[in-house]
1. Considering only residues of region 145-196 that are part of a loop (DSSP other than H, G, I, E, B) and of a type in the set (S, T, Y), which is farthest from S19 (Cα to Cα)?
2. Among (1) open to solvent by 30 Å² or more (accessible area, probe 1.4 Å); (2) of a type in the set (V, I, T); (3) at pLDDT 95 or above, where does V9 come up short?
3. Check D56 against each of (1) open to solvent by 10 Å² or more (accessible area, probe 1.4 Å); (2) in a strand (DSSP E or B) and name the one condition it does not meet.
4. Please determine, by comparing only the residues of region 93-135 that are loosely packed, with under 12 Cβ neighbours inside 10 Å and not in a loop (DSSP other than H, G, I, E, B), which one is modelled with the lowest pLDDT.
5. Condition first: of a type in the set (A, V, I, L, M, F, W, C) and without any contact (Cβ under 8 Å) to a residue 60 or more places away in the chain. Now tell me which residues in region 88-110 satisfy that.
6. If I filter region 155-175 down to residues being free of Cβ contacts under 8 Å to residues at least 24 places away in the same chain and closer than 11 Å to E193 by Cβ, which single residue comes out as surrounded by the fewest Cβ atoms within 10 Å (Cβ to Cβ)?
7. Take the residues in region 31-53 that are of a type in the set (V, I, T) and part of a loop (DSSP other than H, G, I, E, B); name whichever of them is nearest to D17 (Cα to Cα).
8. Could you check region 139-154 and list, in sequence order, the residues that are among the small types (G, A, S) and either open to solvent by 30 Å² or more (accessible area, probe 1.4 Å) or on the phi > 0 side of the Ramachandran plot (or both)?
Amino acid sequence: MGGFHTFPVERADALEDPSRYRYCSREELISMLDIEGQDGPTVADLGSGTGFYTDDVAPFTGTCYAVDVQSAMHDAYREKGLPENVECVTSGIDSLPFPDDHLDGAFSTMTYHEFSDPAIRSFEGTTDSFHDEALAELARVIRPGGRLVTVDWSADGQGEDGPSVDERFSISDVRRGLESAGFEVIREDDRPETLAIVAICPE
């Protein structure tokens, strides 16, 4: 992945802390993905870690891919117990092992800052096209009309939890990156400490 860092494996237990729901609840995530009632959709959790949110989304899917660049995170997830319809994929977001239009949707929770290109911060106000390999890859593997949900720490937050503020993106940074990759942003929420954006993959 691009970005600044990956979550330390030695702190994997912290990824199972229920207090994470104060920033994004299961209900909010399912609602933003809009997969409830679909017939066995195929969804990917981008930067799945130990599967905290993968476990919440998996019951609403046919297949849910837990995508993480660290194989040790998958080991921890398997030790915890892997749902039958979850498949672990060890990969960076910029080189996903899926065919074109394979996913009905994808989501990332508190991991966008780990895989998106930090150069997006200097993109504002320029006339140059910006190419983020990770976002371009997501546009390739998500089917036309499929959703990409991004929940992450906001650069406008206080930095009391999560990464330092200088490692974060603002909601305008994320929107610009998504739109540059061809996504259509249909919802954006800037909260006290986090941001949430729902985007539709281009037709």
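1. Of all residues in region 145-196, those part of a loop (DSSP other than H, G, I, E, B) come to 155-164, 168, 170, 181-183, 191-193.
Narrowing further to those that are of a type in the set (S, T, Y): 164, 170.
Values: S164: 19, S170: 23 Å.
Here the answer is S170.
2. (3)
3. (2)
4. Once the filter is applied, the top-ranked residue is S122.
5. Filtering region 88-110 down to residues of a type in the set (A, V, I, L, M, F, W, C) leaves 88-89, 93, 96, 98, 103, 106-107, 110.
Scanning region 88-110 gives C88, V89, L96, F98.
6. It comes out as V165.
7. Filtering first and then ranking leaves T50.
8. Passing the criteria: only G145.
The values are calculated or read from the model by the stated rules, or taken from the named source; none is laboratory data. Keep in mind that what you see is a predicted model, and the values were worked out from it rather than measured. Cβ sites come from the backbone with ideal geometry, for glycine too, and all protein chains shown count toward neighbours. Quick note on the areas: whole protein, heavy atoms, side chains included, nothing else; ligands and nucleic acids left out. Shrake-Rupley method; radii C 1.70, N 1.55, O 1.52, S 1.80 Å.
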